[in-house]
Amino acid sequence: MDIKSVETSYARWAPVYDKTFGAVTSAGRKRTVDYINKHGGSVLEVGVGTGLSLPDYAPEIAVTGIDFSEDMLAKARRRVAEKGLKNIAALRQMDARELDFPDNSFDTVAAMHVLSVVPEPERVMAEIARVLRPGGKVVISNHFKSTQGVLASIEKFSAPFANVLGWHSDFAIETVLQEDRLKIEQQQALPPFGMMTFLVLSKLRNN
């Protein structure tokens, strides 16, 4: 999937995102933010979208959100203003493959249902590892491809339409786990029907 396709797709989805993909991914967002709220610190949310998760962060957690889509960010900024959220440090337009932050900038990086929609997810994971402080956590909720059953067949059929759908239905979990500065700490299946996965990775302290 190329970056222009991502931009076009999310301009198309922005008006209805909250009631479509947003509804399907609510369990992953809740699990991710609940985990982060227990650990505190500074947070970078990669692919903040329309800001559905922002009201759920604890007030003491400073959140920076980035997204490539200005249409999505416009809705996120309205949400912040309407809810009077004081802990949102910034909402910035940015390509996740080239994060405009220094090394070791954040205690936690959240990536909720974004890794299967970005071009070059390996580069995105490398950038996430770079801006994360040693010992920090990457908290991920995402759909990963099934290896068997009806769902696997559906994903295989949908894969060629990635640019139209706006996400890779056959996205492999190994793509996320190959970054050698990060080690897996938790993995859990999430609703609906175990289609989503919750992951926690930690950055090695000697990197």
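What follows is calculated from the coordinates using simple rules that are stated; it is not laboratory data. It should be emphasised that the depicted structure is a prediction, and the values quoted were computed from it without experimental measurement. Here Cβ is always computed from backbone atoms with ideal geometry, including for glycine, and neighbour counts include all displayed protein chains.
Assorted remarks:
- Interchain or long-range residues, amide H under 5 Å from Gln186's placed H: Val200
- In terms of the mean number of neighbouring beta-carbon atoms within 10 Å, the peptides 112-118, 85-91 order highest first as 112-118, 85-91.
- FRET efficiency, 1/(1 + (r/R0)^6) with R0 45 Å, evaluated for Gln187 and Asp103 via beta carbons: 0.95
- Amide H partners (placed H, <5 Å) of Val48, local residues excluded: Ile66, Asp67
- Taking amide H as placed 1.01 Å from N in the peptide plane, Phe171 has its amide H under 5 Å from the amide H of Lys145, each at least 5 places away in sequence or on another chain.
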